[in-house]
Amino acid sequence: MRVLFVRTSAMGDIVHCLPTLVALRRAVPEARVGWVVESTWAPILEGHPDIEQLIRVRTKAWRRGVRRAETRGEIRAAVAAMRAFRADVALDLMGNHKGAILTRLAGAKRSVGASRRERREPSSALWLRETHPVGGEHAVDRALGLLAPLGVEPGPADFGGDRLLADEPSAASALLATRRGGRPLVLLQLGAGWANKIYPMDRWTEVARGLEQAGAEVWIPTAPGEEHLAMEVEGASEGAARAVDATDFAVLAALMRRASLLIGGDTGPVHLAHALGTPVLSLIGPTDPKRNGPYAAAEQVLFHELPCSYCYKRFDGPRACLLQITVDEVLERALEQLGAAEDINSKGRIQ
C-alpha cells in the first residue's frame, strides 16, 4: 500500500496527524508513506523513519505569485512529484479546499477525506472521490478516523515521539551545556498564531519571576518573528528568564526533551513538546481544550469557560477567556506539574 498524507501546515496540525502515521505503520508495516508539507514546516518531518518521501509545496507563496512563470513551474513540479509517488490512497487531513485540491491532484486511485459536515470548508468535499465520517472530538481522533476506510484499526494514539526530530544538534548541546546545575528547566512559549491566544507579556514576566524564585531555570525559546516578545520578557524579568535561539526545529525539540515543563498557549510548540513526552501546561482562551488542547491530558490545561467560550474568532489581543487565567493560577499549576507543590522549603525554592 502506498499512502500519501496531505497535511501541509502548521506545526500543531502536523503533530496531531503523527498518530495516524504511527497507526498506519503499525498495522501495515510494509506500507510506503509520502507526506505533502509546506517547505516551512518540512524540517519537522525530515529524517522521520516512517516517511519514505516528503513532497514540499509553497502554497502561500504560490497564491501571491500565481501568474509568474516560476510559480507555475513550481506547481507543476509539485504535482509531478505527487503523481510520481504513485499513491494508492491520498488522505486529505486538512478538511479545506487547499487540502482537498492537493489530494485530488495527487492522482491516487482513492482520494479520501472527512465527510462534508465534518470539514472546515464543507464544499471542499466536492474535490474528493470518497468522504467518510470520522467522529471524535479532538483533532488527533478525527485524523485517526480516516484510517477506517483503509481497513486499519488505529488502536491507542501514539505520537512516536522517539522517532521525531531524534538527533540533538550541536547548537542545542552547546546551549544545554550552559545550564545551571540542578535546577529544573522550564520553557516559556510566548507567541501564538492568533493575537488573542497570546497571554500578556507583563503576566509572562511575573510567571518567569515566580518560577525563578521557586528555583527553576526559565528559558524562552525564540521563534521567527517572536524574538521581540522574548527580549521584552527577558528584560522586564531582570534576568529571571533567558531568551535562547531555538528557531531551528531540531534545536527546539532538543531543548524540549531536556525540559521539565513547557508552558504556552494554544500553539504548535506546546503540541510538539507533548508529542515528545515533555510535561506541558497550556493556557487556552478562544478555542476548545477538548478539541485543541494537549491530547488526552486535561490536567495539563488551564482555561475558564465563559458564555462566549470557544468562539474560534480572531481578535487583535487577548479577551476575557484568556485574561481570566491569573498568574497565581499558572504558577500553582506549574509547580504541581513540576512535582514541587509540596516540596518548597522555607526559602521558597524547589528542593
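Here are some notes:
- Looking only at the range 153-191, residues that are within 25 Å of D88 (Cβ to Cβ) and open to solvent by less than 10 Å² (accessible area, probe 1.4 Å) come to 1 in all.
- Failed item, numbered, when E226 is tested on (1) open to solvent by 40 Å² or more (accessible area, probe 1.4 Å); (2) more than 30 Å from P169 (Cβ to Cβ); (3) out of contact with any Asp or Glu (no Cβ under 6 Å at 6 or more places or on another chain): (2)
- Scanning the range 43-58 for residues being closer than 22 Å to G107 by Cα and either open to solvent by 80 Å² or more (accessible area, probe 1.4 Å) or of a type in the set (A, V, I, L, M) (or both) gives a total of 6.
This table checks each residue for (1) surrounded by fewer than 21 Cβ atoms within 10 Å (Cβ to Cβ); (2) more than 14 Å from the chain's Cα centre (by Cα).
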site	(1), (2)
V233	no, yes
V251	no, yes
L272	no, no
G285	no, yes
D288	yes, yes
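- Test: R242 is farther than 25 Å from F303 by Cα and modelled with pLDDT of 95 or more: yes
- Of all residues in the range 290-332 being free of Cβ contacts under 8 Å to residues at least 12 places away in the same chain and within 19 Å of the chain's Cα centre (by Cα), the one that is most open to solvent (accessible area, probe 1.4 Å): E299
- Pairs are defined by a Cβ separation below 6 Å, a sequence spacing of at least 6 or placement on different chains, a first member in the range 73-84 that is within 13 Å of V6 (Cα to Cα), and a second member that is part of a helix (DSSP H, G or I) and modelled with pLDDT of 95 or more; the pairs so defined are V79/L105.
- Some residue of the range 5-17 being out of contact with any helix residue (DSSP H, G or I) (no Cβ under 9 Å at 6 or more places or on another chain) and part of a helix (DSSP H, G or I): no
- The range 197-227 - residue that is within 24 Å of the chain's Cα centre (by Cα) and in a loop (DSSP other than H, G, I, E, B) and, of those, nearest to V330 (Cα to Cα): Y199
- The residue of the range 96-123 that is most open to solvent (accessible area, probe 1.4 Å), among those that are in contact with a strand residue (DSSP E or B) (Cβ under 8 Å, 6 or more places away or on another chain) and assigned to a helix (DSSP H, G or I), is R116.
The values are calculated or read from the model by the stated rules, or taken from the named source; none is laboratory data. Here the structure is a predicted model, which means the values were calculated and not measured. Neighbour counts are summed over all protein chains in view; Cβ atoms, including those assigned to glycine, are modelled from backbone coordinates with ideal geometry. Calculation scope for accessible area: heavy atoms of the full protein, side chains included, ligands and nucleic acids excluded. Shrake-Rupley method; radii C 1.70, N 1.55, O 1.52, S 1.80 Å.
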